[in-house]
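Written out below as structure tokens is the structure these notes cover.
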Amino acid sequence: MPGLEDLYREIILDHYRSPRNRGELEPPAVKTDGHNPLCGDEITVYLDVDTSTGDGDAATVRDIKIGGQGCSISQSSASMMSAAVLGRSVGDTKALLRRFKSMMGIEGVELVEGDSDAELGDLEALQGVVKFPVRIKCAVLSWNTLANAIDDATS
């Protein structure tokens with residue numbers, strides 16, 4: 001479907017050219033760095049989790065900012081991720097994370113009940129990356145960094 005591929009390409013380029021949620025957050029936000037030594041992509045995730053809405057999975061992603069540099073895939077994925085998780089509960093964010101990694105063909109990702117309800121939205125534009133296995137790590141870097149940030153913020 002050439003039309004769909006063109007649309008997906010435009011979504012990726014839009015997020016690369018005009019990244020969402022770019023910047024930094026001051027503490028008490030958690031700052032977590034991710035790096036892909038194979039290609040040099042770098043991602044920093046600043047995560048502010050509101051625990052007044054509940055502990056653990058019930059807490060809410062109050063704010064998220066993204067920093068770093070790298071290829072269009074890594075930077076677009078980070079932008080799309082930040083837009084997708086802002087305002088979600090930590091539990092919903094983890095479900096989206098598992099669903100995205102499953103779409104990317106990451107081995108060892110086990111979807112749990114309810115994960116299929118996590119709407120990917122613009123993130124579906126990245127599904128074509130699986131055709132280029134060397135680029136999968138670019139797309140998943142921000143998600144791995146987010147997972148570490150969630151662990152730091154909720155522990």
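Read-outs throughout are calculated quantities, based only on the coordinates presented, and are distinct from any laboratory measurement. No experiment lies behind these values; they were computed from the predicted model shown. Backbone-built Cβ (ideal geometry, glycine too); neighbour counts: all protein chains shown.
What the table shows:
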quantity	calculated
Virtual spin-label span in nm between Glu24 and Ser72, 7 Å along Cα→Cβ	2.9
Cα-centre dipole for the range 2-154 with unit charges at Cβ (Lys and Arg positive, Asp and Glu negative), debye to 20	460
Whole-Hz ³J(HN,Hα) from phi, Karplus 6.51 cos²θ - 1.76 cosθ + 1.60, for the range 43-53, glycine and proline x	9, 10, 10, 9, 10, 10, 9, 8, 7, 5, 7
The range 38-133, Cα convex hull volume normalised per residue, Å³	108
Nonlocal amide H pairs with Arg22, under 5 Å, H built at 1.01 Å	Ile66
Relative contact order, percent, the range 1-109 [alpha-carbon distance under 8 Å, six or more residues apart]	26
Hull shadow area, averaged, the range 35-91 [alpha-carbon convex hull, nm²]	4.0
Highest average packing first - 11-19, 140-148, 84-92, 113-121, Cβ atoms within 10 Å	140-148, 84-92, 11-19, 113-121
Rounded tilt (10° steps) of 72-85 against the dominant C-alpha axis of the chain	40
Selected from Thr44, Ser18, Leu111, residue furthest toward positive end of dipole (the range 2-154; charges at beta carbon)	Ser18
Between 0 and 90°, nearest 10: helix 133-154 axis offset from the chain longest Cα axis	10
